[in-house]
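Q: Provided herewith is a single structure, encoded as structure tokens, for subsequent inquiry.
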Amino acid sequence: MSTTKGSQVHAHKADIFCKDETKVDWHSKALWFVREKRDRAAGSIPEWEEIRELGSQVKTHALSHLGHYLEEFEKNCLANGIQVHWARDGEEHNQIAHSILAKHKVKKLVKSKSMLTEECHMNPYLEKRGIEVIDTDLGERIIQLAEQPPSHIVLPAIHMKKEEVGELFAEKIGSEKGASDPTYLTRAARAHLREHFLTADAAMTGVNMAVASTGSIVVCTNEGNADMGVNLPKLQLHSMGIDKIVPNMDGASVLLRMLARNATGQPITTYSSFYRGPQHDGEMHVIIVDRGRTDMLKDKIIGESLKCIRCGGCLNTCPVYRRSGGHSYNYTIPGPIGIAVGAQDDDTNSIPWACTLCGSCTSVCPTKVPLDQIIFRHRRLKAESGQLPYGKSSYMPLVGKFMASETMLNCSMGVARTALRILPGSLMKPFSGAWGKYRELPAGASSSFEAWYKKNRSN
Amino acid sequence: MSSKQHILNSLKKVAVEPVPMPEINIVPRTEDLVGQFETNLKACAGILRREGGLEALQSFVDDLMKEGKQIISFIDGIESNREIPATPHELRDIDFAIIPGDWGVAENGAIWVCCDKLGHRITPFICENLILTIEESKIVPNMHEVSDKVSLESGNLGVYIAGPSKTADIEQALVVGAHGACSLNVYLL
């Protein structure tokens, strides 16, 4: 089923992902493995729940005083010799980035992970203007060479098997044909990317945190690609959403304790770098971007999604994400947080329903973003603005009326129970729709729960 | 109106309920800090050298130099065979960089390193192998305890380093040695 604007609804894209059942099983298990590592890491800190609460308060405090802290951040950056730019949307962000690069006649830009530049579609913008952009995080480089978008915010190439990566590398970077050993492939990428680091004219990174009181930005990586990029050329750029602000170093420490533990189960990322100014003779620019965030902050519930620190924990635990893949969400960021921050831009009006409302995401979130409530809120907003997807807008009002009538509901349930008992499964199965695709119908009970309760428990 | 002013104006209508900045009073776990540090460093694929201090380090470096390895040291008293070059790019063939760590964090094995006293900030990242030193008395229990101790002067780069660079981007298989150093040895002083 496609919509008028051409994007396909979540269920349709998930269907494509689910064609290879073995791969879906592998995908789901690989992510659950990360979730289990996260549980062990969180469990090893007795005060885990206490720091989650602190993390939530630090972020809520920063968001509710954001104007103040952004101005403080800018003032301190300037004192540190950092140039600060403000962009309302992706287009303006890309223009700013390009004008800085063009001024320095940059031909090659090495980039480390930044979901924001993905949101802004910066790479194609710069490439069109003659700048070569090299993604340097291994997962990001893989998908860049494969010409695909990321399917996870921390593990961008989690949808690919090592054999696929081996084939891709053999074709694109000249690794041995047929090789698929992860260590061999990683070493090949290390050699390939090192040449790019050494010949780059400028580097760009995302920002994990922006510390207002010191005017510094924090970048976290395991691979060291951000620091390898930034510290060779003389020009460094960093893009951040307005939501990345933390008031001070104490606040940053609270979040740093949780980020890697909740993302991958590590005690901390290998490198957590605090840049408080450019290198000697260098130039450092920070671009602060709104791109819809101030609008989100006007809604009390949706605004809380900006507490997110992009650890990816909610993706790893989500039963829908694990079985539908990151490319089925019609947004750069997939999974529960992708729905929370992307539903308003979803022209298929389907992603708020890529969710069972089980709440597992909310339970693992390190800053207590109420993801299930936010997703529910998006459903309501879609309904209120007349944007329910086709099926739901036609049958949901009927279902509502039907379920509100005790007589109609009891009567039809009685019919369904009898039908399940006496009619053959093949006749009943079509009524269960997609639900019945991988499930058997239950055996019909002999009476309703209400009747059973009256008989057995009513006095 | 400038984009800055536009954004700041929009932020006057934030619906998120304001809360005060919380007080952070986490009780630190102070028993066996070196043991905690060692365990967590190991979890990050780093190795703690508890015995021998600078003497052991110098004898290790001497052996490496005999093998022809390229070594740059920023620790007084440790002799090496390379000086700070004119450009950061010339550090590309450094086999071992030896750098003092300022603070160690027991709960996660991270070590705070100030990069601006190294001539080129790239040094701890571009070297093939990294050696850090840490004084036993500078190991603190957790990130809260260290955040007001680390110094990061205006214009500088400071970094917490926890182990060698690593990745698991291909099928979740952990590979040590991504873009930064491929090994980390920490000498306890």
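Laboratory data are not the source of any read-out in this text; all were calculated from the coordinates shown. Keep in mind it's a predicted model, so treat the numbers as computed, not measured. Here the Cβ positions follow ideal geometry from the backbone for every residue, glycine too, while neighbour counts run over all protein chains shown.
Q: What order do you get for B:Tyr160, A:Tyr321 when you list them from fewest to most C-beta neighbours inside 10 Å?
A: Going from least to most buried by this count: B:Tyr160, A:Tyr321.
Q: Follow-up. Using helices alone, what [θ] at 222 nm do you get for the protein assembly as shown, with -39,500 (n - 2.57) per DSSP H run of 4 or more residues, divided over all residues and rounded to the nearest 500?
A: -12500 deg cm²/dmol
Q: Still on this structure, I have one more. Is there a simple number for the mean count of other chain Cβ atoms within 10 Å of the Cβ of residues in B:137-144, and what is it?
A: On the way: counts 0, 0, 0, 0, 0, 5, 12, 8.
Mean partner shielding for this stretch: 3.
Q: Sticking with this one: Apply the Karplus curve 6.51 cos²θ - 1.76 cosθ + 1.60, θ = phi - 60°, to the phi angles in the stretch A:303-315 and return the couplings in whole Hz, x for Gly and Pro.
A: Once θ is set to phi - 60°, the couplings for the stretch A:303-315 become x, 5, 5, 7, 6, 4, 10, 6, 7, x, x, 5, 5 Hz.
Q: Out of B:Leu41, B:Leu152, B:Leu132, any idea which swings most in a Gaussian network model of chain B, alpha carbons joined below 10 Å?
A: B:Leu152
Q: If you don't mind, there's one more thing I want to ask. Looking at chain A, which Cys residues are left with no other cysteine's beta carbon under 4.7 Å from theirs?
A: A:Cys18, A:Cys77, A:Cys120, A:Cys220, A:Cys308, A:Cys311, A:Cys318, A:Cys355, A:Cys358, A:Cys365, A:Cys411
Q: Related question: Which of the trypsin sites (Lys or Arg not before Pro) found in the stretch A:162-233 are loop residues per DSSP with 12 or fewer other Cβ atoms within 10 Å of their Cβ?
A: Hits after loop and neighbour filter: A:Lys177.
Q: Neighbouring Cβ atoms within 10 Å as the yardstick, rank A:Lys105, A:Lys244 fewest first.
A: A:Lys105, A:Lys244
Q: Which of these, B:Val113, B:Val19, B:Val27, has the largest mean-square fluctuation under a Gaussian network model of chain B (Cα springs below 10 Å)?
A: Checking each option, the largest mean-square fluctuation is seen for B:Val19.
Q: Considering only C-alpha atoms, what is the centroid distance from the stretch A:215-259 to the stretch B:16-67, in Å?
A: Here the answer is 21 Å between Cα centres.
Q: Right, another one. So how do A:Asp137, A:Asp15, A:Asp227 line up by other beta-carbon neighbours within 10 Å, fewest first?
A: With the fewest neighbours first, A:Asp137, A:Asp15, A:Asp227 line up as A:Asp15, A:Asp137, A:Asp227.
Q: Continuing with the same structure: Mind checking the dipole of the stretch A:13-99: about its Cα centre, +1 per Lys or Arg Cβ, -1 per Asp or Glu Cβ, Debye to the nearest 20?
A: 300 debye
Q: Residues with beta-carbon under 10 Å from that of A:Ser446, excluding A:Ser446: net charge, scoring Lys, Arg +1 and Asp, Glu -1?
A: +2
Q: What percent of all Cα-Cα pairs in the stretch B:4-93 falls in each 5 Å bin, counting up from 0?
A: Going from the shortest bin to the longest, the percentages are 2, 9, 10, 10, 11, 10, 7, 6, 9, 9, 7, 6, 3, 0.
Q: Something else: What whole-number distance in Å separates the alpha-carbon centres of the stretch A:44-110 and the stretch A:285-345?
A: That distance is 17 Å.
Q: Based on Cβ point charges of +1 for Lys and Arg and -1 for Asp and Glu, what charge dipole magnitude is obtained for chain A about its Cα centre, in debye rounded to the nearest 20?
A: Value, rounded to 20: 1340 debye.
Q: Among A:Thr60, A:Gly130, A:Met115, which residue has its Cα positioned farthest towards the positive end of the charge dipole of the stretch A:52-143, with +1 placed on the Cβ of Lys and Arg, -1 on the Cβ of Asp and Glu, and the dipole taken about the Cα centre?
A: Selected residue: A:Gly130.
Q: Can you give the net charge of the other residues whose Cβ lies under 10 Å from the Cβ of A:Asp181, counting K and R as +1 and D and E as -1?
A: Residues close to A:Asp181 contribute a combined charge of +1.
Q: Now, a different point. Projecting each Cα onto the charge dipole of chain A (Lys/Arg +1, Asp/Glu -1 at the beta carbon, about the Cα centre), which of A:Leu441, A:Ala203, A:Ser385 comes out farthest on the positive side?
A: A:Leu441
Q: Moving on. Residues of A:288-294, mean number of Cβ from any other protein chain within 10 Å of their own Cβ, rounded to a whole number?
A: Working: counts 3, 2, 5, 0, 0, 3, 9.
Per-residue shielding by partner chains comes out at 3.
Q: Which Cα, out of A:Leu306, A:Leu256, A:Ala102, lies furthest along the positive dipole direction of chain A (beta carbon charges, K/R +1, D/E -1)?
A: Most positive-ward Cα: A:Leu306.
Q: Can you report the principal axis dimensions of the stretch A:1-148 using only the alpha carbons, biggest first, rounded to whole angstrom?
A: Result, largest extent first: 52, 46, 34 Å.
Q: Next question, about the same structure. Using the Cα centre of chain B as the reference point, and only Cβ charges (+1 on K/R, -1 on D/E), how large is the resulting charge dipole? Debye, rounded to the nearest 20.
A: 800 debye
Q: Right, here's the next one. DSSP beta bridges in chain A, what fraction antiparallel, as a percent rounded to 5?
A: The antiparallel proportion sits near 25 percent.
Q: While we're on this one: Above 36 Å lies some portion of the pair distances; for the protein assembly as shown, what is it as a whole percent of all C-alpha pairs?
A: 41 percent
Q: Give me the percent relative contact order of chain B, please, defined on Cα pairs under 8 angstrom at least 6 residues apart.
A: Values: 342 pairs, mean separation 48.1, N = 189.
Relative contact order for chain B comes out at 25 percent.
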